[in-house]
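Right, one structure below, let's go through it.
The values are calculated or read from the model by the stated rules, or taken from the named source; none is laboratory data. Computed from a prediction, not measured in an experiment: that's the story for all the values here. Reconstructed Cβ throughout: ideal geometry from the backbone, glycine too, with neighbour counts over all protein chains shown. Keep in mind that these areas ignore ligands, DNA and RNA; they rest on the heavy atoms of the full protein, side chains included. Shrake-Rupley method; radii C 1.70, N 1.55, O 1.52, S 1.80 Å.
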Amino acid sequence: MKSTQYRMRSLFDSIYLKSYRFSVFVSLISLTLTSCGSSPNSTSTNPSNSNQQPPEKTLKLLYWQAPTILNPHLSTGFKDSEASRITLEPLASFNNQLKLVPFLAAEIPTIENGGIAKDGKSVTWKLKKDVKWSDGKPFTADDVIFTFEFISNPKVGTTTSGTYKIINNIEKIDDHRIKINFKDVTPGWYSVFVGTEGMILPRHIFEAYNGENSRQAPGNLKPVGTGPYRVVEFKPGDVVVYEANPNFREAKLLGFERLELKGGGDATSAARAVLQTGDADYAYNLQVESNILKPLEAGGKGKIVSNFGTLMERILINQTDPNKTTPDGERSSLKFPHPFFSDPKVRQALSLAINREIIANQLYGILGKPTSNFVVNPPQVVSPNTRYEFNLEKAAKLLDEAGWKDTNNNRIRDKNGVEMNIVFQTSVNPLRQKTQEVIKQSLEQLGMKVELKSIDPSVYFSSDPANPDTTERFAADLQLFSTGNTNPDPTSYLKTYTCDDIPQKANNWTGDNVSRYCNPAYDALWEQATTEIDPEKQKQIWIKMNDMLVNNTIVIPLVHRAEVGGVNQNLTGVKLTPWDLTVWNIKDWKKTP
């Protein structure tokens, strides 16, 4: 209890305001951050205390979901953000104690140091001086301002644009100070330029590509960054090779001369390479059945690290018809509602037909928990109002009531000449594909015909507007993947179901609302959440939004799963946080002989 009080006090002192209005909302966030920081599920290895040893030659990383682009603002895939984060940095990030740690910022804004405006409408960041990009150019306020211009330019089509819509403009005070002016009072001032979605791009590299030609920028494949390692070779879908960045501000403390991030293969092979044979040093996202993972760890070459953060496996229901096409070739168009998932009773029946207990307990084991919520972390904002149930009899009754019956005795329910044929897609991933099989079995018992589709993750999560098999295009009836809020404030995450975040051909398939759900009442709640400074009221808005999505079966939460990695026994410094990417502190990684 004493340590909890200390952390709360520290957060008040270091991050937030003392003015009355803001101390109110700060109290919620402080409680939230303290609770998450004390999570027993967060696991790390011990950082090395020695900086005297010469660096190891090479660190070998395995990402079986291979990166395809190294610009995190042009991809929804964590695999791409992971590979980018080694060389690109945000202004700051939350550690696993929920304390903001400065990266490119010289200090964390507070009301005491004048960083946070008392009216809550602006924040001023001081930037570190003498920081250089990996090509030797100086990092300045111009780069932060340009990053905002790039992200918010609709012609660029960034995947992070929704997060930055709270900004009105950014003023340059001098080369190392910026003032961010928000459109309204903004309790979540730390949701921009912080953590996973906050990585800063160099103006001099991307300025000529701030438009429809953004995906042709050479910096997408060979980024210039301020981080500890710089890219020397990138083969999309295969390998990224980095070397120590000689211009990094702590270059002498780095643990390696070279990094090799190898993509491809599968999660089980990656786990075996680290845990059993010792052929690699770190394996990312070991989404492997727990009964396979534990014996591999017994090989003694490595250990499992895990972190119950915000990742939640979910089924997304297409609200539009993927089988109808507009004259200009658009599928899953807003012009065509889905022939049966538009009916709430059908969606409810779908949810009742999914056995979350079987999926979580038999496939994920100790690394997954069944859930009924869209927001699963921080604990203080998790809804107590939702439930899940597996009941095929009740599901069948709902379909009967909705008029979906097998009228031609072919074992497939139909109505008005439309049969319940479903295409259910996900990424190539043994655990997800087994999840698909479990769900398919139940749905076919219910009288639906289910075709399973698996897409290479390098394509599925690429956000490539030209590829019809991305999550954004959603040319199927159901899809399955995992994501979660990347910030303790879930407002940005909840925005993924607002009307203006729907990817369509007209906006070059940008936006996170891949289900094409549009409800003005939900949008109104989101607008309230962005400016509500009363912590209890803001929390209730978040919960109400969560409940609206879950209880109307807009999304079907399945499993709150741990982020799992494999770490070589001799590798130290790996310290996971729910609020940034795995490699966020890779400058501290070391390897003992």
Got the relative contact order for the chain handy, in percent, Cα pairs under 8 Å and 6 or more residues apart? 21 percent
Nitroxide proxy distance, nm - points 7 Å out along Cα→Cβ at LYS118 and ARG387: 5.0 nm
Over the chain: helical MRE at 222 nm, DSSP H runs n ≥ 4 each giving -39500 (n - 2.57), nearest 500: -7000 deg cm²/dmol
Arranged from highest to lowest average of other beta-carbon atoms within 10 Å per residue, in what order do the peptides 337-349, 145-157, 188-200, 480-492 appear? 188-200, 480-492, 337-349, 145-157
With a Förster distance of 45 angstrom and the Cβ-Cβ distance between LYS128 and ASN291, calculated FRET efficiency to the nearest 0.05 equals 0.45
Put a dot 7 Å past each Cα toward the Cβ at GLU257 and ASP469; how far apart are the dots in nm? 4.0 nm
Stokes-Einstein D for the chain at 25 °C, 0.890 mPa s, Kirkwood Rh over Cα pairs, in µm²/s? 99 µm²/s
Simple spin-label estimate for GLU107/ALA524, 7 Å along Cα→Cβ, in nm, reads 4.4 nm
Under a no-solvent Debye model with one identical scatterer per Cα of the range 87-131, what's log10 I(q)/I(0) at q = 0.17 Å⁻¹? -0.53
Efficiency of FRET between GLN216 and GLU149 - r from beta-carbon atoms, R0 22 angstrom, step 0.05: 0.80
Restricting to DSSP loop positions (anything but H, G, I, E, B) with no more than 14 other Cβ atoms inside 10 Å of their own Cβ, which trypsin sites (Lys or Arg not before Pro) remain in the range 397-463? ARG411
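So what is the orientation-averaged projected area of the range 485-553, using the convex hull of its C-alpha atoms, in nm²?
Dividing the Cα hull surface by four gives the mean projection, 4.9 nm².
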Suppose every Lys and Arg Cβ carries +1 and every Asp and Glu Cβ carries -1, with no other charges. What dipole size does the chain come out with about its Cα centre, to the nearest 20 debye? 960 debye
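Provide the per residue accessible area, probe 1.4 Å, for the chain, rounded to a whole number of square angstrom.
Dividing the accessible area of the chain by its residue count gives 38 Å².
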For the range 173-276, the Cα-Cα pair-distance distribution in 5 Å bins from 0, as whole percents, is 2, 9, 12, 15, 18, 17, 12, 8, 5, 2, 0
For the range 401-556, convex hull volume per residue from C-alpha positions, Å³: 153 Å³
